[in-house]
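Visitor: Just dropping this structure here.
The values are calculated or read from the model by the stated rules, or taken from the named source; none is laboratory data. Computed from a prediction, not measured in an experiment: that's the story for all the values here. With ideal geometry, Cβ positions are generated from the backbone for all residues, glycine too; neighbour counts draw on all protein chains shown. The accessibility values were calculated without ligands, DNA or RNA, using every heavy atom of the protein model including side chains. Shrake-Rupley method; radii C 1.70, N 1.55, O 1.52, S 1.80 Å.
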Amino acid sequence: MRCKEVADASDPEDNMQYFLIFTLLWAASSNARDWRTPDEAQVTLEYIAHAAFRLVGSQGTSLLVDPYQSRWWIGYDFPSGLPASDAVLLSHPHPDHDAGYARGATPPWSDDTRIIDGPGDYTVGAFSIRGIRGRHAEPYGEEFGRINTIWRIDVAGLRVVHIGDNEPLSDTVAAEIGDVDVLMLPVDDEEHILSFEEVERYRRRLKPLVVVPMHYRHDDLESDPDRPGDLGSVDGWFARQPDGRQLGTHTISLSRSALKELPGVWVLEHSPLVTRAE
């Protein structure tokens, strides 16, 4: 065996060469996953509706990502009964992603909540956050320069990525995102933000253990069959996913072992606090 040959090598230069090779391989392996922590750490993922999620760490620190403005484009309200969050992440200034904050609407968070709305590195409790500069998918967002921030969130040994309404994946952005465990992607049967082919490029390039679709029509919440325009359900796309799972819940605890047991596409229920608009 090669290990025996290394153990028996008598030439000091040979030993040093083997040592350097093993050291470099170990370093490359560890750098690829240097944010990992033991499986016992967990984070709770909660789907609210549309593109809005909450992440709650094991110590209780929470993030609210891309909350929507009530009855702007989509026809239902943002729930008022959610617990307060320590920080709010806003990918871009469309009201269905920033709750109308950029347009002066009253936001669904308290005045002392930390707001993070651009590229950079941030820490909120146990959450290590990198905002990655992207671009909004065409043809939308020209009024604000098509800015869009992709959120890369490392917590509890996992990497969760929410792309907002980003355009098709570039190699530069993919390299900055790196390895992914849970990827939140806009997917709908009208291909409003990304085409199905573009969705698959994200999956092939980033290789997430789990994909969570978002930014699709919730028929049970919309009272107008023609609203919102140009936004489809996720049902047709989901039916073609051989690894798809309807979880039947709006919250799930994430850990490395849980993701390895149930990889694939997860469709979460929207929060029961979100009710049909009348």
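Visitor: Determine the per residue accessible area of segment 84-186 with all protein chains present and a 1.4 angstrom probe, expressed in square angstrom.
Guide: That works out to 38 Å² per residue.
Visitor: Here is a follow-up. Of the accessible area of segment 62-162, with the probe set at 1.4 angstrom, what percent is carbon plus sulfur?
Guide: For segment 62-162, the apolar C and S fraction of the accessible surface comes to 45 percent.
Visitor: Moving on to the next point. Summing +1 for each Lys or Arg and -1 for each Asp or Glu, what net charge is found among the other residues whose Cβ lies under 11 Å from the Cβ of V180?
Guide: Once all neighbours under 11 Å are counted, the net charge is +2.
Visitor: Here is a follow-up. For E261 and A239, compute 0.36 nm times the residue count separating them, minus their Cα-Cα distance, and round to one decimal in nm.
Guide: Here the segment from E261 to A239 would lengthen by 5.8 nm.
Visitor: Kindly provide the helix-only [θ] at 222 nm of the chain, computed as the sum of -39,500 (n - 2.57) over DSSP H runs of four or more divided by all residues, to the nearest 500 deg cm²/dmol?
Guide: So the helix-based figure for the chain works out to -6000 deg cm²/dmol.
Visitor: Additional query: Hey, got the Cα dimensions of the chain along the principal axes, in Å, largest first?
Guide: So the three principal-axis extents are 82, 43, 37 Å.
Visitor: Take every Cα pair under 8 Å in segment 49-183 that's 6+ residues apart, average their separations, divide by the length, and report that relative contact order as a whole percent.
Guide: Contact order relative to length: 18 percent.
Visitor: Over segment 140-278, what is the relative contact order in whole percent, taking alpha-carbon pairs under 8 Å and six or more residues apart?
Guide: In percent, rounded to a whole number, it is 21.
Visitor: Run the numbers on the chain and let me know its relative contact order in percent, using alpha-carbon pairs under 8 Å that are six or more apart.
Guide: Relative contact order comes out at 18 percent.
Visitor: If packing is taken as the average number of other Cβ atoms within 10 Å across a peptide's residues, how do 118-124, 233-239 rank, most packed first?
Guide: Averaged packing, sorted descending, gives the order 233-239, 118-124.
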